[in-house]
Amino acid sequence: MSRARNLALFLVLAAVWGSAFMAIKAGLAYFPPVLFAALRYDLAAVVMIAYAAYVVDDPIPRGRDEWAVVAVGATLIIAAYHAFLFIGESDPAVTSAVAAVIVSLSPVLTTVFARAFLPSERLTVVGVIGLLVGLVGAVVLAAPDPNNLAGGGTVPKLLVLLAAAAFALGSVLTRASDDDLPIETMEAWSMLLGAALMHLLSLALGESLSGVTWTAEAVLALGYLSVVASGLGFLIYFDLLDRLGPIEINLVSYVAPVFAAVSGWVFLREAITLNTVGGFLIICAGFALVKREAFQDALREYDVLG
């Protein structure tokens, strides 16, 4: 029963986070991109701070070290990741599925940054090959035109790749910290400060609420991203992180693109191209090579390999 519950929650999380790419794409028709991301995390921060206050004895970061971790999370995991992602998805060439697949490269990038900032970890030869395979997958998916590298959606796809890199770097830097700040507290305050940073960037870009077209679809997209994708999504994530561990929960990044592609096709009539499917499969192969030992250990734990 426990495994069935975990599997059900895992699929719900993949569906919620995968369909979030569709909600972003839909909402960008009504919101300036960075302001849209900022408003999303204004609301999500309220949900997460309330949750942190419920589950943590002291939900407020204390001391310079804890606030430094929050600052990293706010700058990289929330502000940089979502600003790059939302701007990238504002281009018609970046469909929900394409964005989700590029972001699914994040676990591979995390491995790279971990080797740089956590010297105790080393990439094996097979791991390096896996990394290169993953990068090939990203190139296949981006499908750059050699005759016009600034066209064909290449630049916005690279922005989404930068979003994945920012998230990966932020994850490693927060993981490398020696503080004991609960992850719920870190996420909640990172969301709040990250939203503030995105509001500043939005102002610098000349965005304002006057550029928002308030429709039922706009409110639904914002509400879905804030309450369901961020609030409910992170609650499920924290529950599964405790039950499954970081290796298995990382697989969400590889299931989410399926839901992103389907939801984008159903609600936005977005086409699913061969480049999208091929890039996704190649990135999955690269991740499997990088994490092969972890997968083998997990299979042995479940008596699959004997």
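Length gain on complete extension for the stretch A116 to R3, per 0.36 nm per residue less the alpha carbon to alpha carbon distance? Working shown, then result.
Numbers: separation 113, 0.36 × 113 = 40.68 nm, distance 3.54 nm.
Value of the extension gain: 37.1 nm.
Is the shape of the range 2-301 best called rounded, prolate or oblate, per the rule: a/c under 1.5 gives rounded, else a/b larger than b/c gives prolate, else oblate, with a ≥ b ≥ c the square roots of the Cα gyration tensor eigenvalues? Present the calculation step by step, with values, prior to reporting the outcome.
Values: a/c = 1.39, a/b = 1.02, b/c = 1.36.
Rounded is the answer for the range 2-301, as its axis ratio a/c remains below 1.5.
All of the numbers you see were taken from the coordinates with simple rules; none came from a lab. Because the structure is predicted, anything quoted here is derived from the model rather than measured.
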